[in-house]
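Asker: Below you will find the structure I want to go over with you.
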Amino acid sequence: MNFIRKIAQNQIDDFTHNAFVRYSMGEYEKEDFIIKKVGSKFKIWAGFEWVNVLLKFVASLCKEDIQLSGAIPTIKEIDSTLENFGVQFEIKRRYGKSGDRYEFSVTMPHDKALSMLNELSNNYLLLDLKCGNRAVKMKKKDTPKIGSPAPKFVTAVTLKEDFDRLKEEFLFDIDATDFTEVIIKHIYKITDIIVDEKLLEEDPARARQEAKRKGVIYRTIIIDGNEQKKEYEFEV
């Protein structure tokens, strides 16, 4: 689920590729990824690019029915996918932006909900989630302006018993047995964009979508004030 972990562990997939499609060459300082222990729970704050990751991560922890409500803004037609999962929805226009907004509120078994989220994960899933004491909340139900900072766009709540999964997914490259607060900072440096020139002539839109980004991720992890730095080269 975590595209940074997949890069670090050389497990590149389509989801990882799609996380970088919108970047041109240059250096990008990203919003902080924050994990804070609050009593018997962990609270997570992250920027816009983490909405699908956190939504699917929390859904994967759930054993109870999952409540999902919000919107999926997209240029794709996802009617049949939602209908296949028994979701009733409304389609609304996106003023000033391409595509439509699919709005709905539904409760379904956790495994069915996770399957639907996985199937729709090539869209931005701006959905609030609730299952027991676990939750995910979006700041708003539409995409922020391209290039605009979006700190704390998504908030997630997990439980103390989820610590091992939390560590495996987001603290995979550090020794974190206990903490009060972790702040993770990422800088993406895109040094090259590799395009299939033949495909560019035949299908420019597809060539741009499939072009690979090459560069380095600079990752700084601050655990209760103690800082560690990591670097990961990538081609996705």
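Asker: Quick check: anything in the range 164-175 under 30 Å from Lys97 (Cβ atoms) and crowded, with 17+ Cβ neighbours inside 10 Å? It would help to see each step written out before you state the result.
Answerer: Start the filter on the range 164-175 by keeping residues that are under 30 Å from Lys97 (Cβ atoms), which leaves none.
Within the range 164-175 (the criterion being under 30 Å from Lys97 (Cβ atoms) and crowded, with 17+ Cβ neighbours inside 10 Å), the answer is no, since none of the residues qualifies.
Asker: Could you list, in sequence order, all residues of the range 129-186 that are within 28 Å of Val21 (Cβ to Cβ) and of a type in the set (Asp, Glu)?
Answerer: Within the range 129-186, Asp142, Glu168, Glu169, Asp173 meet the criteria.
Asker: Starting from residues that are part of a loop (DSSP other than H, G, I, E, B) and of a type outside the set (D, E, K, R), keep the ones in the range 1-18 and report whichever is surrounded by the fewest Cβ atoms within 10 Å (Cβ to Cβ).
Answerer: Taking the range 1-18 and keeping what is part of a loop (DSSP other than H, G, I, E, B), we get 1-2, 9-13.
Filter once more, keeping what is of a type outside the set (D, E, K, R): 1-2, 9-12.
Working: Met1: 18, Asn2: 21, Gln9: 12, Asn10: 8, Gln11: 10, Ile12: 15.
Step by step, filter the range 1-18, then rank; the result is Asn10.
Asker: Only one of Phe85, Phe104 is hydrophobic (A, V, I, L, M, F, W, C) and either touching a Phe, Trp or Tyr at 6+ places or on another chain (Cβ under 7 Å) or within 23 Å of Arg165 (Cβ to Cβ) (or both); which? Lay out the reasoning, then the answer.
Answerer: On the way: Phe85 fails: either touching a Phe, Trp or Tyr at 6+ places or on another chain (Cβ under 7 Å) or within 23 Å of Arg165 (Cβ to Cβ) (or both).
When all the criteria are applied, what remains is Phe104.
Asker: Here's something else I'd like to know. Hey, Asn133 hits all of (1) in contact with a helix residue (DSSP H, G or I) (Cβ under 7 Å, 6 or more places away or on another chain); (2) more than 27 Å from Asp13 (Cα to Cα); (3) of a type outside the set (Gly, Ala, Ser) but one; which does it fall short on?
Answerer: Here Asn133 meets the rest and fails (1).
Asker: Next up: Counting only residues that are within 22 Å of Arg134 (Cα to Cα) and either in contact with an Asp or Glu (Cβ under 9 Å, 6 or more places away or on another chain) or at pLDDT below 95 (or both), how many does the range 64-102 have?
Answerer: 6
Asker: Kindly list, by first and then second residue, each pair from a residue in the range 124-137 that is within 17 Å of Lys41 (Cβ to Cβ) to a residue that is among the hydroxyl-bearing types (Ser, Thr, Tyr) and buried (at least 17 other Cβ atoms within 10 Å of the Cβ), limited to pairs with Cβ atoms under 7 Å and residues at least 6 apart or on different chains.
Answerer: Listed pairs, sorted by first residue: Arg134/Thr158; Lys137/Thr155.
Asker: Restricting the range 176-194 to residues that are of a type in the set (A, V, I, L, M, F, W, C) and under 20 Å from Ile222 (Cβ atoms), which is surrounded by the most Cβ atoms within 10 Å (Cβ to Cβ)?
Answerer: Of the residues in the range 176-194, the ones of a type in the set (A, V, I, L, M, F, W, C) are 176, 179, 182-184, 187, 190, 193-194.
Subset that is under 20 Å from Ile222 (Cβ atoms): 176, 179, 182-184, 187.
Values: Ala176: 18, Phe179: 16, Val182: 23, Ile183: 17, Ile184: 21, Ile187: 14.
Filtering first and then ranking leaves Val182.
Asker: Residues that are closer than 21 Å to Phe15 by Cβ: which strands (runs of 3 or more DSSP E) entirely in the range 27-122 hold 3 or more of them?
Answerer: Working: elements: 33-38, 41-46, 66-74, 90-93, 100-108.
Because the criterion is at least 3 residues that are closer than 21 Å to Phe15 by Cβ, the strands (runs of 3 or more DSSP E) in the range 27-122 that meet it are 66-74.
Asker: Let me spell it out: the conditions are (1) buried (at least 17 other Cβ atoms within 10 Å of the Cβ); (2) in contact with a Cys (Cβ under 6 Å, 6 or more places away or on another chain), and Ile35 meets all of them except one. Which number is the exception?
Answerer: (2)
Asker: Given (1) touching a residue at least 60 places away in the same chain (Cβ under 8 Å); (2) more than 16 Å from Asn123 (Cα to Cα), identify the lone condition not met by Pro73.
Answerer: That leaves (2) as the condition not met.
The values are calculated or read from the model by the stated rules, or taken from the named source; none is laboratory data. Keep in mind it's a predicted model, so treat the numbers as computed, not measured. Using ideal geometry, Cβ is built from the backbone for each residue, glycine included, and neighbour counts are taken over all protein chains shown.
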